[in-house]
Amino acid sequence: MSLPTRTDKIDALLALRNQWTLEDFKEAYRDDFDWRYRPEPTDIEKWRQYMNDTIHNQYDEELIDECLDNEVFESAITTNQ
């Protein structure tokens with residue numbers, strides 16, 4: 001069995017975030033727009049595209065792994081409540 005590639009990990013992270021709401025995106029990427037002179041995305045599809053571009057272009061593999069760990073942990077907590 002081979003180890004997951006960076007692309008596999010990104011796909012898994014995007015799948016975990018598939019149910020995010022506008023508020024989830026605003027909270028997760030708040031710092032990206034607080035100090036920049038550009039408006040934040042206005043609809044869910046633009047947010048998803050922003051997240052996709054950000055993860056692909058700015059996240060190193062260590063950060064992707066950390067995000068996956070956090071998302072899986074949060075998902076497990078939410079599921080067991």
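The values are calculated or read from the model by the stated rules, or taken from the named source; none is laboratory data. Bear in mind the structure is a predicted one, so any value in this text is a computation, not a measurement. Cβ coordinates were reconstructed from backbone atoms using ideal geometry, including for glycine residues, and neighbour counts include every protein chain displayed. Accessible surface areas use protein heavy atoms only, side chains included; no ligands, DNA or RNA. Shrake-Rupley method; radii C 1.70, N 1.55, O 1.52, S 1.80 Å.
Which one is surrounded by the most Cβ atoms within 10 Å (Cβ to Cβ), of the residues in segment 31-52 that are of a type in the set (D, E, K, R) and closer than 15 Å to A15 by Cα? Spell out how you get there, then give the answer.
Of segment 31-52, the ones of a type in the set (D, E, K, R) are 31-32, 34, 36, 38, 40, 43, 45-46, 48.
Then keep just the ones that are closer than 15 Å to A15 by Cα; that gives 45, 48.
Numbers: E45: 9, R48: 16.
Applying the filter and picking the extreme gives R48.
Can you tell me which of D65, D32 is of a type in the set (D, E) and in contact (Cβ under 8 Å) with a residue 24 or more places away in the chain?
Of the residues listed, the single one that is of a type in the set (D, E) and in contact (Cβ under 8 Å) with a residue 24 or more places away in the chain is D65.
Taking segment 1-30, which residues are within 17 Å of I77 (Cβ to Cβ), among the charged types (D, E, K, R) and open to solvent by less than 80 Å² (accessible area, probe 1.4 Å)?
R17, D24
Which residues, counting only those in segment 37-77, are more than 15 Å from W20 (Cβ to Cβ), assigned to a loop (DSSP other than H, G, I, E, B) and among the charged types (D, E, K, R)?
Passing the criteria: R38, D60.
Report the residue count in segment 1-31 for those that are under 18 Å from L63 (Cα atoms) and under 13 Å from the mean Cα position of the chain (by Cα).
Qualifying residue count, segment 1-31: 14.
Matching residues to (1) of a type in the set (A, V, I, L, M, F, W, C); (2) modelled with pLDDT of 95 or more:
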{"position": "R36", "(1), (2)": "no, no"}
{"position": "E45", "(1), (2)": "no, yes"}
{"position": "F73", "(1), (2)": "yes, no"}
{"position": "I77", "(1), (2)": "yes, no"}
